[in-house]
1. Would you please list the contacts, defined by Cβ atoms under 9 Å and residues six or more apart or on different chains, that run from a residue in segment 291-303 that is surrounded by 15 or more Cβ atoms within 10 Å (Cβ to Cβ) and acidic (D, E) to a residue that is in a helix (DSSP H, G or I) and modelled with pLDDT of 95 or more?
2. Need the failing condition index for G73 against (1) within 21 Å of F161 (Cα to Cα); (2) without any contact (Cβ under 8 Å) to a residue 60 or more places away in the chain, just the number.
3. Please state which of the following conditions Q99 fails to meet, knowing it meets all the rest: (1) in a loop (DSSP other than H, G, I, E, B); (2) modelled with pLDDT under 95; (3) surrounded by fewer than 21 Cβ atoms within 10 Å (Cβ to Cβ).
4. Out of segment 277-291, which residues are within 17 Å of E13 (Cβ to Cβ) and touching a Gly at 6+ places or on another chain (Cβ under 9 Å)?
5. Please verify whether I271 is within 10 Å of the chain's Cα centre (by Cα) and of a type in the set (A, V, I, L, M), treating the condition exactly as stated.
6. Which ranges mark the strands (runs of 3 or more DSSP E) fully within segment 234-295 that have 1 or more residues being closer than 23 Å to G91 by Cβ and β-branched (V, I, T)?
7. With the checklist (1) of a type outside the set (D, E); (2) assigned to a strand (DSSP E or B); (3) modelled with pLDDT under 95 in hand, flag the one item T194 doesn't pass.
8. Among the residues of segment 35-42, are any touching a residue at least 40 places away in the same chain (Cβ under 8 Å) and more than 27 Å from E156 (Cα to Cα)?
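The values are calculated or read from the model by the stated rules, or taken from the named source; none is laboratory data. Everything numeric here is computed off the predicted structure, so don't read it as measured data. Here Cβ is always computed from backbone atoms with ideal geometry, including for glycine, and neighbour counts include all displayed protein chains.
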Amino acid sequence: MDFQSVIEDIYQEVLPLSGQGKVADYIPALQSVNPKKLGIAIETIGGECFMVGDAQEKFSIQSISKVFNLTLGIQTKGDALWQRVGVEPSGNPFNSLVQLEYENGIPRNPFINAGALVVVDTLLDDLDRPNDEMLAFVDRLRCSQIDYDEVVAQSEKETGFNNRALINFMRARDNIRHSDEAILDVYCHQCAITMSCAGLARSFLFLANNGVVPSSDERILSSSQTKRVNAIMLTCGFYDEAGAFAYLVGLPGKSGVGGGIVAIVPGQLSIAVWSPELNRHGNSLLGIKVLEMFTTKTGLSIF
């Protein structure tokens, strides 16, 4: 299949839709991002790469990092992780406090803020230098030129009042063990990882390849663990729009309020899109459209 022609055609078709969303304005450091940016990148298990637009420009991946966070949590805690966080779709906004009260401080899944904060708390049991070790982990996925945007990380810490509330609500129900500051520092740095579409697509290839990094043959997760992460991405990767994404696109994926989305076609490839204009759910408006058109044109849906 000529993936380069496919994404070039999609790029031209979606450009006129720009202007219908808005950048994430509740994180001050993200307000200045050019909303007109659009990049698409595909990486195949066989080592091919296809790009169009701003696919090599780095951006803040935000909640996409929760997939890396979860993978490290599974590596360090195994199935014990699921005693502290669930695997069900939330049906509520990513920063909601409501379900925690109903469910006694156990987050619905690891991709909402509360769930990701719990996973960070578990990582602090085992990692001596969690920020350094996170970058080292992503580097093992064969992604080059990654770093933290310290301005974004600091901006998120200074305005993260809701995340502090989530932490302390869960602490009151014995589901948080480490200090607020330690958890928030790691969480905000993870969200402030900067990557390009090309790098992001490459870093997710292990999830399309049964848990193994294609270029190094390093196993990151077992086959069973990979299946479970992909299932959680499909059902929970897009907050309270997860059902609509599965309906429109039909791939496991994860979004971030920096405007990035990455999805995988098991056994074949990963595809990343960056467009900073968000819809009301906090997902990239053009990004979802790109992926919908991609699976429609290629027939590469899991359904």
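1. E292/F245; E292/L248
2. Failed condition: (1).
3. Result: Q99 passes all but (1).
4. If the condition is that a residue be within 17 Å of E13 (Cβ to Cβ) and touching a Gly at 6+ places or on another chain (Cβ under 9 Å), then E277, S284, L285, L286, G287, L291 are the ones that fit.
5. Considered against the rule, which asks whether it is within 10 Å of the chain's Cα centre (by Cα) and of a type in the set (A, V, I, L, M), I271 comes out as no.
6. Once the strands (runs of 3 or more DSSP E) in segment 234-295 are filtered for at least 1 residues that are closer than 23 Å to G91 by Cβ and β-branched (V, I, T), what remains is 260-265.
7. That leaves (3) as the condition not met.
8. Checked against the condition, which is being touching a residue at least 40 places away in the same chain (Cβ under 8 Å) and more than 27 Å from E156 (Cα to Cα), segment 35-42 yields at least one hit.
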